[in-house]
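Take a look at the structure set out below.
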Amino acid sequence: MAKTSSSKKTKTRPSLADGADKYALYRLSVQDPEHEVSMFRRFYKDAFGREATSLREDFCAAFAVCCEWVKTSKERRAIGVDLDDEPLSYGRTHYLNKLSAEQQQRVTLLKQDVMTTTTTAEIIAAQNYSFYIFKRRAEVLRYFRQVHRSLADEGIFVFDMMGGGAMYADDVVEGRQVARPTAQDKLDNPPFRYVWHQESFDPVSADALFHIHFRFPDGSAIEKAFTYDWRLWTLPELLELLDEAGFSARHVYWETDDKDGNPSGNYRRALRGHADPAWLCYVVALK
């Protein structure tokens, strides 16, 4: 009688990357809605001596900032504007649904082009270098003018900027370890390494290509979880465009250093910056 052979199928365990949520990883490594909301409140109070009640978040993606804004006061409402269904759907499931029914009523989501949105707010914010997708001066000017028209009479436009000599290079990779989230975050993700990769920069056009990768202890990764094809605008260019768009004043809030000379995460209004290899700032423009 012939002997039959049998082989056991080996089960392949899913990698850490397979079960990871790229939007949750993005928020853990890049975004801090609580800090952004606190900065917006401060900028507005600096400008007008009172608290703002309305925020419009352009290029809002998963609109975590909108959700944080309405949590800070029953008087506050938020409008999120974006064209991409995927992050909007993610935000509805993971952020909006976590709010109370009353808070949810104070969040409005618009699947619209920011170039045509006219919804008014006291603060309009374009964070995470989002309008760098506009590569022509005329496009940025058109967007700035649309923001100016949409602002309340006592209104501010806020955006963040990055710059420095390190930005003008090819194949620059920087990373940092991000710890496991606390139970309070309610995000089931493993420890991971956040990697910011500047693939290329063209000095003729100022076009730059960036990626965010997430890498895990088991060797797995989400490569190119997010990709950004941007023009690297300079601060003087954008300040001049704000003037041309009709803003009455604009201020630069430069990141300060801590006692050890490292970036502090705090920002102070400044007339001059520091020529660091990589720097961050906020720009606040008053209608």
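Observations on the structure shown:
- Complete set of residues in region 43-87 that are closer than 17 Å to ALA285 by Cβ and touching a residue at least 24 places away in the same chain (Cβ under 8 Å): PHE43, TYR44, ASP46, ALA47, PHE48, ALA52, SER54, LEU55, ARG56, GLU57, ASP58, PHE59
- Close Cβ contacts (under 7 Å, 6 or more residues apart or on different chains) running from residues in region 21-38 that are among the small types (Gly, Ala, Ser) to residues that are outside any helix (DSSP H, G or I) comprise ALA24/LEU187; ALA24/ASN189; SER29/VAL178; SER29/TYR194.
- Screening ASP260 against (1) crowded, with 18+ Cβ neighbours inside 10 Å; (2) out of contact with any Pro (no Cβ under 7 Å at 6 or more places or on another chain) leaves a single unmet condition, (1).
- For region 43-60, the criterion of being assigned by TED's automatic domain parsing to the domain that holds TYR143, under 22 Å from LEU28 (Cα atoms) and either assigned to a loop (DSSP other than H, G, I, E, B) or among the hydroxyl-bearing types (Ser, Thr, Tyr) (or both) is satisfied by at least one residue.
- Residues that are aliphatic (A, V, I, L, M), more than 25 Å from LEU280 (Cβ to Cβ) and part of a loop (DSSP other than H, G, I, E, B), drawn from region 111-150: MET115
- Residue-level analysis places GLY80 outside the set of residues that are outside any strand (DSSP E or B), closer than 21 Å to ARG27 by Cα and in contact with a Cys (Cβ under 8 Å, 6 or more places away or on another chain).
- Looking across region 207-227, the residues that are in contact with a strand residue (DSSP E or B) (Cβ under 9 Å, 6 or more places away or on another chain) and touching a residue at least 40 places away in the same chain (Cβ under 8 Å) come down to ASP207, ALA208, ILE212, PHE214, ARG215, PHE216, PRO217, ALA221, ILE222, ALA225, PHE226.
- Filter result for ILE133 (within 15 Å of the chain's Cα centre (by Cα), in the same structural domain as PRO263 (by TED's automatic domain parsing), more than 18 Å from ARG250 (Cβ to Cβ) and among the β-branched types (Val, Ile, Thr)): yes
- Listing of strands (runs of 3 or more DSSP E) fully contained in region 203-273 that carry 1 or more residues being of a type in the set (Asp, Glu): 207-215, 221-231, 249-257
- ASP218 fulfils the conditions (1) outside the structural domain of ARG42 (by TED's automatic domain parsing); (2) farther than 26 Å from TYR143 by Cα; (3) in contact with a helix residue (DSSP H, G or I) (Cβ under 8 Å, 6 or more places away or on another chain) except for a single criterion, (3).
- Neighbours by Cβ (under 8 Å, 6+ apart or cross-chain): first from region 260-287, under 30 Å from ALA152 (Cβ atoms); second charged (D, E, K, R) and loosely packed, with under 11 Cβ neighbours inside 10 Å: LYS287/ASP153
- If the condition is being part of a strand (DSSP E or B) and out of contact with any Lys or Arg (no Cβ under 8 Å at 6 or more places or on another chain), then region 151-173 contributes VAL158, PHE159, ASP160, MET161, MET162, GLY163, VAL172, VAL173.
- Residue match in region 89-101 (condition: in contact with a helix residue (DSSP H, G or I) (Cβ under 7 Å, 6 or more places away or on another chain) and of a type in the set (D, E, K, R)): no
The values are calculated or read from the model by the stated rules, or taken from the named source; none is laboratory data. Owing to the predicted nature of the structure, the values given are computational and were not obtained by experimental measurement. Counting neighbours? That spans all protein chains shown, and the Cβs are built from the backbone with ideal geometry, glycine included.
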